[in-house]
Structures are given as structure tokens and as C-alpha cells.
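Quick note: the coordinates plus some simple rules give every number you see, no bench work behind them. As the structure is a computational prediction, the values presented were derived from the model and not from experiment. Cβ placement follows ideal geometry from the backbone for every residue including glycine, while neighbour counts extend to all protein chains displayed.
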């Protein structure tokens, strides 16, 4: 099987997180990959929000109708 198909088939969403912060080099790699990702008609109509403060995370969870993975 070609590597693109293998990568697509191996993809999954994680909804269980550790309480340890993401290291800054890994966070930067995620941001770089996000910026390089294709999107509809190259409209760049997405946003990434990084919240590391626990109080702000709790507030964002409240705004997101209590979705636990937000907090």
C-alpha cells in the first residue's frame, strides 16, 4: 500500500490527554504542520488557539458547552 493511504488509514483522534504541558518544540512543530495543511480553496479560513492557563481553559470549556476535552 502506498504511504499516503497508510498514513490516512492510521489517523485517529485522541480525546484523552495528560495534564503535562506540550514541550515548546513539539508545539511549534504542530503549528508549522497546521499552517502547511491544505484547506478548502486555499481560503485559510481556520484558526488555532493555544491556551495554557488553566483558568482560561476552564472558561473556554464553559463556552464550548462543557466539552471535557476542551478543558
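Just a few scattered comments:
- Most mobile of 51, 30, 41 in a GNM of the chain (Cα contacts under 10 Å): 41
- Compared with the direct C-alpha span, the chain from residue 42 to residue 6 gains 10.5 nm at full extension, assuming 0.36 nm per residue.
- Likely footprinting exposure, 5, 18, 27, fewest C-beta neighbours within 10 Å first: 18, 5, 27
- Taking the number of Cβ atoms within 10 Å of each Cβ as an exposure proxy, the fewest-first ranking of 64, 16 is 16, 64.
- Cβ crowding within 10 Å averaged over residues, with 52-60, 31-39 ranked highest first: 52-60, 31-39
- When the alpha carbon gyration tensor of the chain is reduced to an equivalent ellipsoid, the three semi-axes, largest first, read 26, 16, 14 Å.
- Label point distance in nm, residue 26-residue 52, each placed 7 Å from Cα along Cα→Cβ: 1.4
- Against the chain, whose longest principal axis comes from its Cα atoms, helix 54-63 is set at around 80 degrees.
- Helix 24-36 axis, angle to the chain major axis (alpha carbon atoms, nearest 10°): 50
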